[in-house]
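Take a look at the structure below.
The values are calculated or read from the model by the stated rules, or taken from the named source; none is laboratory data. Computed from a predicted structure; not experimentally measured. FYI the Cβ positions are ideal-geometry reconstructions off the backbone, even for glycines, and counts take in every protein chain you see. Surface accessibility is based on the protein's heavy atoms, side chains included, excluding ligands, DNA and RNA. Shrake-Rupley method; radii C 1.70, N 1.55, O 1.52, S 1.80 Å.
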Amino acid sequence: SSSSSSWWQRAGLALFGVATGSAALAAPAACHGPSDNTRIDRLEQQVAELMQKLETQHDVKATSGQGDAVFAWDVERTNAFPEGAKQFEKDMHGGFNEDTDTGIVYTGIPGYGLCAITPDLKKWSIVGSDPRLKANIHGLVVFKHKGETLIAAAQHQDQRLLIIELDGTVRQELQRPTGGEFEFDEANAWYGKWRGTKDQAEKVFYCTDVTFLDGRLFVTTGYCDGDFVLTAQDVDGKWQWGPTAWGGRGEGAGQFKTAHGVFAHNDHIYVANREAYEIVKFTPDGKVVDVLPDIPDQARICNVAFASEHEYFVFNALAPIPHTAPKTAPIYAHSGDKLLSTINPGELGIPVLKHLHHVWPHYVRDASGKSSLYILVHGWRDGKFAVLKHVPATKDQQ
């Protein structure tokens, strides 16, 4: 279609370093005369022809997905990734969360720092100067507690949870438990045996993600044999572990084989049990409620998020599914009862994007208040940042 053609032209021009958009295309004519418009038109035509060949030869497409979960690559917002962070992009190993009051999205880039992204996803800024924020932030949550908005950041390699103010001030560093804090014997036994051990080489509290619900932080620790969901609560202004915990490494109901991501939704806690290829729904006290059906076998699910206006979960696998055609890890849209769509970023021609670590749905609102859904993509292993834009379904597709 003409819209697809236009999209490919813009994408191709952006890849080759040529500015796009009405303002960018109009500026040369004002400065250098009409011949520049002719040159740009010719270049656009050449790019369109090149992209058509690329689509034919390499199965690159303008969109990927099914039903009302079809997405295209948003090149402009992808290219908003800060120049100073590009040297660290290959080390990306984290995720996103957002302040629902302001629409600001937060993420960590190891070596660069904690970043804030404007609600339109077009500008990035570094938050704070504390050197601890340059360590890898594997998972984070923006939460509101006692009238204040804070950020909790799980740093697995440093085995700590940071409580951060919105200006980047680190208010508290919550170290690993010592045993005895929980009403769960297995967690107490695990942390108790390491009490007094200072060697950070031992993987004792390799926290992978954090979420917040009803005054408590919920932390997953899937990168070590102590594979739990732990809780922490505010006691006189200081966060302390306990008393609720559950899980443990294993294959039984409520146990984990790498509790990688955690997400609070509708008064429940959802855990991405990565190496079991599942998402488990729990009560806040750790009772199993459900396991989301229809997740493809060998899909190593990393995270859970929810696109509120479209009423579906969004999550990703870590790696391409073995013995399948796609060469990049898939992104899924899921109703909670069934799989709705499989989005393959590799179909969109995004370079250097094979493994995915986290995806986050975000709504951008225009001046009239109309919202558009985007997915922010946090790659892993030669990582890559990318942004996908929702393509509304036509009446025939609905």
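The set of residues in region 126-149 that are part of a helix (DSSP H, G or I) and surrounded by 20 or more Cβ atoms within 10 Å (Cβ to Cβ) contains only Leu133. Scanning region 262-302 for residues that are farther than 23 Å from Glu183 by Cβ, in a strand (DSSP E or B) and of a type in the set (D, E, K, R) yields Glu278, Asp290. When restricted to residues that are on the phi > 0 side of the Ramachandran plot, part of a strand (DSSP E or B) and open to solvent by 20 Å² or more (accessible area, probe 1.4 Å), region 219-261 contains 0. If only residues of region 196-207 that are at pLDDT below 90 and either touching a Phe, Trp or Tyr at 6+ places or on another chain (Cβ under 6 Å) or of a type outside the set (Gly, Ala, Ser) (or both) are counted, the one that is most open to solvent (accessible area, probe 1.4 Å) is Lys198.
Filtered by the rule that a residue be over 21 Å from Trp194 (Cα atoms), of a type outside the set (Asp, Glu) and in contact with a Ser or Thr (Cβ under 6 Å, 6 or more places away or on another chain), region 221-280 gives His260, Val262, Phe263, Ala264, Arg274.
Condition (residue is more than 22 Å from Gln157 (Cα to Cα) and of a type in the set (Val, Ile, Thr)) applied to region 263-273: is it met by at least one residue?
Within region 263-273, the subset more than 22 Å from Gln157 (Cα to Cα) is 264-270.
Those left that are additionally of a type in the set (Val, Ile, Thr): 269.
Scanning region 263-273 turns up at least one residue that is more than 22 Å from Gln157 (Cα to Cα) and of a type in the set (Val, Ile, Thr).
The numbered conditions (1) at pLDDT below 95; (2) in contact with a Phe, Trp or Tyr (Cβ under 8 Å, 6 or more places away or on another chain) are all true for Ile40 except (2).
Look at Tyr270 and say whether it is among the hydroxyl-bearing types (Ser, Thr, Tyr) and either open to solvent by 40 Å² or more (accessible area, probe 1.4 Å) or farther than 26 Å from Lys338 by Cβ (or both). So Tyr270 does not fit the description; no. With respect to Phe256, is the statement that it is closer than 16 Å to Ile301 by Cβ and touching a Gly at 6+ places or on another chain (Cβ under 8 Å) true? Yes: the conditions hold for Phe256. Among the residues here, Pro177 qualifies as of a type outside the set (Asp, Glu) and either touching a residue at least 40 places away in the same chain (Cβ under 8 Å) or within 25 Å of Gly215 (Cβ to Cβ) (or both). The one condition from (1) among the acidic types (Asp, Glu); (2) within 21 Å of the chain's Cα centre (by Cα); (3) open to solvent by 60 Å² or more (accessible area, probe 1.4 Å) that Asp290 does not meet is (2). Considering region 150-162, and only residues there that are within 16 Å of Lys203 (Cα to Cα) and touching a residue at least 60 places away in the same chain (Cβ under 8 Å), the residue that is surrounded by the most Cβ atoms within 10 Å (Cβ to Cβ) turns out to be Ala154. Close contacts from region 361-389, counting a first residue that is touching a residue at least 40 places away in the same chain (Cβ under 8 Å) and small (Gly, Ala, Ser) and a second that is open to solvent by 40 Å² or more (accessible area, probe 1.4 Å) and in a strand (DSSP E or B), with Cβ to Cβ under 7 Å and a gap of 6+ residues or different chains, come to Ser371/Arg365. In the condition set (1) crowded, with 21+ Cβ neighbours inside 10 Å; (2) modelled with pLDDT of 95 or more; (3) within 28 Å of Phe228 (Cβ to Cβ), Gly383 is compliant with all but (2).
Select from region 85-125 the residues that are in a loop (DSSP other than H, G, I, E, B), closer than 23 Å to Val364 by Cβ and in contact with a helix residue (DSSP H, G or I) (Cβ under 7 Å, 6 or more places away or on another chain) and list them in ascending order. It would help to see each step written out before you state the result.
Kept after step one, since they are in a loop (DSSP other than H, G, I, E, B), are these residues of region 85-125: 92-95, 99-104, 110-112, 118-123.
With closer than 23 Å to Val364 by Cβ added as a condition, the list becomes 92, 94-95, 99-104, 118-123.
Those that are in a loop (DSSP other than H, G, I, E, B), closer than 23 Å to Val364 by Cβ and in contact with a helix residue (DSSP H, G or I) (Cβ under 7 Å, 6 or more places away or on another chain): Leu121, Lys122.
In region 360-371 there is at least one residue matching the filter, namely being of a type in the set (Ser, Thr, Tyr), touching a strand residue (DSSP E or B) at 6+ places or on another chain (Cβ under 8 Å) and surrounded by fewer than 16 Cβ atoms within 10 Å (Cβ to Cβ). Please indicate, with yes or no, whether at least one residue in region 297-308 is at pLDDT below 95 and over 13 Å from the mean Cα position of the chain (by Cα). Scanning region 297-308 turns up no residue that is at pLDDT below 95 and over 13 Å from the mean Cα position of the chain (by Cα).
The residue pairs whose first member lies in region 107-121 and is within 12 Å of Pro131 (Cα to Cα), whose second member is in a strand (DSSP E or B) and open to solvent by less than 10 Å² (accessible area, probe 1.4 Å), and whose beta carbons are closer than 6 Å, counting only pairs six or more residues apart or on different chains, are Leu114/Gly108. When Ala393 is tested against (1) farther than 24 Å from Thr208 by Cβ; (2) assigned to a strand (DSSP E or B), just one condition goes unmet, and that condition is (2).
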